[in-house]
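Novice: Got a structure for you, written out below as structure tokens; questions coming shortly.
What follows draws every value from the coordinates through simple rules; no lab data is involved. Only a predicted model underlies this, so the values are computations on that prediction, with no experimental measurement involved. A quick note on method: Cβ atoms are made from the backbone with ideal geometry, for glycine too, and the neighbour counts reach across all protein chains shown.
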């Protein structure tokens, strides 16, 4: 087995937390390439092509062009002043950190997902692939994929659990408008993990001409690394913007975690800044002590699914359990492998927020800031409000506002028992 | 059983002497329930099975088509676990100490049990080989190498995408036989064209020095016979499981119908494979 940083015991201080994955695609013991033989040659080719693209200034230039002019980057850094005041009003004297939002919800298509989709479709074109497939839960990644496929004129098939098709109708229609074919998946619990299974089945059958745009920093190597790299634009920008706004880095950064792509995008550039405390927030659904949550790190254990070893919600027999969250985007029983490693090394602290806590933070954000957040970052916001109240007044907390909540208004209305 | 030659090797040697291809049925352990599945397994050698592939059910069978997905779900709903699957092998071994048993499935249930515990228990139960779909050669240290050390064959899948560059690493740590997936796709789909299959078989035999079994999408006796002319073994899974599902649909309660539907199809496939040369 590999030597770096595979056998790092929990809590050991490493020289750098940013060197993974190793040649086997591992972050410590997590990650890897657990796929059928049919896919192996393609995954190796993708790895090679990605390495070449990274070294190619023309690729970077093209990517930067679309990020600026099509996605709308850089996304603003915003001081959430009224939210900060609200926290200070409830906090002990001298407490209540300044809260900043990294506003990736202002991206084209309304979330961070597009950062990754632009990167992957440029890779697909480089590899000469003629057809794009993707999985989606809430539909945000599906919409982002359908969007870039429309932009570049490639046919797109999106696999989506039949349950999610039903509860995310506006996004289904968006994808169709953008020219994608949405295939409802009825196997299993008919949610995100089942959509991913069917996308993998499609890929294995159409391996010659098809590129699979995975939406989160998970799956077989090199996906966790390349999705992280494409999302790292969030953290790179945030660092520079914080320095410009405050002349220093934040004391705490926070993000929500489903598969964890927005979080790793924010976290990765900060991993070696030891003074920055990093906190990921998982979805606790009805509560971690119930069987209805999606907190893989808090409530799961290591296993192998969808091409990588990572923390999973699973039974004693190694059967994968259904996740639950009010937010379809966090409703996944696994997590990106780099998060599993960061959890075990202790560099990042992972906590959770329930459906109810997220709903309350959602409403607070609407009322205090005039920003309708997606339910996903509302989980992080719930913990951020609490955390800021414990921090000193001269400290800074940065939260990744990774998506906007227009897609969620029906779910929220339903949860609050209101008619629209 | 002799201590030096595995049941799998012994069986292929015997078949070679008779100039016959092997017939390998796949059934899902615990489908539709433990007792029926065990009864069916016990009847397979008499129906012409030379080796048996026994599926380990898993919630997320990414390489399987609808038939085997449904079989896994039926088994899970009936309470099947990896422990019970090993128990089935123990029960089978009480009456049959020669037919090789190969467990086929995905890595997580094995990883969850613990590789060392699993290998010790599988060996003791009488398992001869393992096929784990999501463990390519790049992950050989996980299970393939430990299995070899424990005296169990780790059977590799080779596919149409396995090019000459990869082939040596694909066959390197494998033993028993090589399983050629005749088409890029999932179980129960189309089969590869005849010519392509026979040339792949020769290529794999030359590279591995092992018998080559061909599977994925073999549904009819005619197709089984065609493959048996060049390959050392024919694997049939989805077609047998569809027969099982069909019998269940007709009569939820009769377990005899279920076993006989599978064994009668198995027999016709076995006869075709056995008389192909």
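Novice: If I take all pairs of Cα atoms in region A:81-222, what percentage of them are more than 18 Å from each other?
Specialist: Within region A:81-222, distances greater than 18 Å cover 59 percent of Cα pairs.
Novice: Also, I was wondering about something else. When a/c reaches 1.5 or more, the comparison of a/b and b/c decides; with that in mind, is region B:122-277 rounded, prolate or oblate per its Cα gyration tensor?
Specialist: It is oblate, given that a/c is not under 1.5 and a/b is not larger than b/c.
Novice: Which distance in nm do the two modelled labels at residue B:253 and residue A:89 give, with both placed 7 Å along the Cα-to-Cβ direction?
Specialist: 6.9 nm
Novice: Binning every alpha carbon pair distance of chain B at 10 Å from zero, what are the percents per bin?
Specialist: Result returned by the calculation: 7, 32, 40, 19, 2, 0.
Novice: Ranked by Cβ crowding within 10 angstrom, fewest neighbours first, how are A:404, B:229, A:167 ordered?
Specialist: In increasing order of surrounding Cβ atoms, one gets B:229, A:167, A:404.
Novice: Calculate log10 I(q)/I(0) of region B:78-196 for q = 0.10, 0.19 Å⁻¹, where I(q) comes from the Debye formula with a single equal point scatterer on each Cα and nothing for solvent.
Specialist: Once normalised to I(0) and log-transformed, intensities are -0.34, -1.07.
Novice: Same structure, new question: From the Cα trace of region A:25-78, what convex hull volume per residue do you get, rounded to a whole Å³?
Specialist: Value for region A:25-78: 152 Å³ per residue.
Novice: Write down the percent of antiparallel bridges among all DSSP beta bridges whose residues are both part of chain A, to the nearest 5.
Specialist: Taking every DSSP beta bridge within chain A, about 30 percent pair in antiparallel fashion.
Novice: Could you work out [θ]222 nm for chain A from helices alone, using -39500 (n - 2.57) per DSSP H run of at least four and dividing by all its residues? Round to the nearest 500 deg cm²/dmol.
Specialist: -12500 deg cm²/dmol
Novice: For A:419, B:232, A:408, B:96, what ranking results if the residue with the fewest other Cβ atoms within 10 Å of its Cβ goes first?
Specialist: A:419, B:96, B:232, A:408
Novice: If you don't mind, there's one more thing I want to ask. Once Rh for region B:89-156 is found with the Kirkwood sum over Cα pairs, what is the Stokes-Einstein diffusion coefficient at 4 °C and 1.567 mPa s, in µm²/s?
Specialist: For these conditions, the coefficient is 107 µm²/s.
Novice: Quick one: A:49, B:222, fewest Cβ neighbours within 10 Å first, how do they rank?
Specialist: Lowest count first: B:222, A:49.
Novice: Quick one: what Rg and Dmax do you get for region B:149-207 from the alpha carbons, in Å?
Specialist: 12.1, 38
Novice: Turning to a different aspect of this structure: With the convex hull built on the Cα atoms of region B:12-109, state its orientation-averaged projected area in nm².
Specialist: With the hull built on Cα positions only, its mean projection is 6.6 nm².
Novice: Does region A:269-376 come out rounded, prolate or oblate, given a ≥ b ≥ c as the square roots of the eigenvalues of its C-alpha gyration tensor, rounded meaning a/c under 1.5 and, failing that, prolate meaning a/b above b/c? Each step should come with its number before you reach the end.
Specialist: Values: a/c = 2.31, a/b = 1.23, b/c = 1.88.
Judged from the Cα gyration tensor, region A:269-376 comes out oblate (a/c at least 1.5, b/c at or above a/b).
Novice: Could you list log10 I(q)/I(0) for region A:141-299 at q = 0.10, 0.19 Å⁻¹, which the Debye formula gives when each Cα is one point scatterer?
Specialist: For the requested q values the scattering log ratios are -0.47, -1.26.
Novice: On to the next question. Mind checking A:194-207 for the average number of partner chain beta-carbons within 10 Å of each residue's beta-carbon?
Specialist: Partner Cβ neighbours, averaged per residue: 4.
Novice: Beyond 19 Å, how much of the Cα-Cα pair distribution for region A:362-414 remains, as a whole percent?
Specialist: For region A:362-414, the share of Cα pairs beyond 19 Å comes to 28 percent.
Novice: Under 10 Å, Cα contacts only: if you run a Gaussian network model on chain A, which one of A:52, A:80, A:358 comes out with the highest mean-square fluctuation?
Specialist: So, out of A:52, A:80, A:358, the one fluctuating most is A:52.
Novice: When N is the residue count of chain A, what does its C-alpha Rg come to as a fraction of 2.2 N^0.38 Å?
Specialist: Here the answer is 0.91, to two decimals.
Novice: Restricted to Cα positions, what overall size does region A:1-130 have along the principal axes? Three whole-Å values, descending.
Specialist: 60, 44, 27
Novice: Where a ≥ b ≥ c are the square roots of the eigenvalues of the C-alpha gyration tensor, would you call region A:312-420 rounded, which needs a/c under 1.5, or, failing that, prolate if a/b is larger than b/c, or oblate?
Specialist: Judged from the Cα gyration tensor, region A:312-420 comes out oblate (a/c at least 1.5, b/c at or above a/b).
Novice: Using a 7 Å offset from the Cα along the Cα-to-Cβ direction at both residue B:203 and residue A:18, what is the distance between the two label points in nm, to one decimal?
Specialist: 4.4 nm
Novice: Let me ask you something else. With the convex hull built on the Cα atoms of region A:251-327, state its orientation-averaged projected area in nm². All intermediate terms of the calculation are to be shown ahead of the outcome.
Specialist: Numbers: hull surface 23.9 nm².
Mean orientational projected area (region A:251-327, Cα hull): 6.0 nm².
Novice: How long, wide and thick is region A:159-219, going by the Cα atoms along their three principal axes, in whole angstroms, largest first?
Specialist: Over region A:159-219, Cα extents along the principal axes are 32, 27, 22 Å.
Novice: Please compute the average number of Cβ atoms from other chains found within 10 Å of each residue's Cβ in peptide B:157-170. Each step should come with its number before you reach the end.
Specialist: Working: counts 3, 2, 8, 3, 10, 4, 1, 0, 2, 4, 0, 0, 1, 2.
Taking the mean over all residues of the peptide, I get 3.
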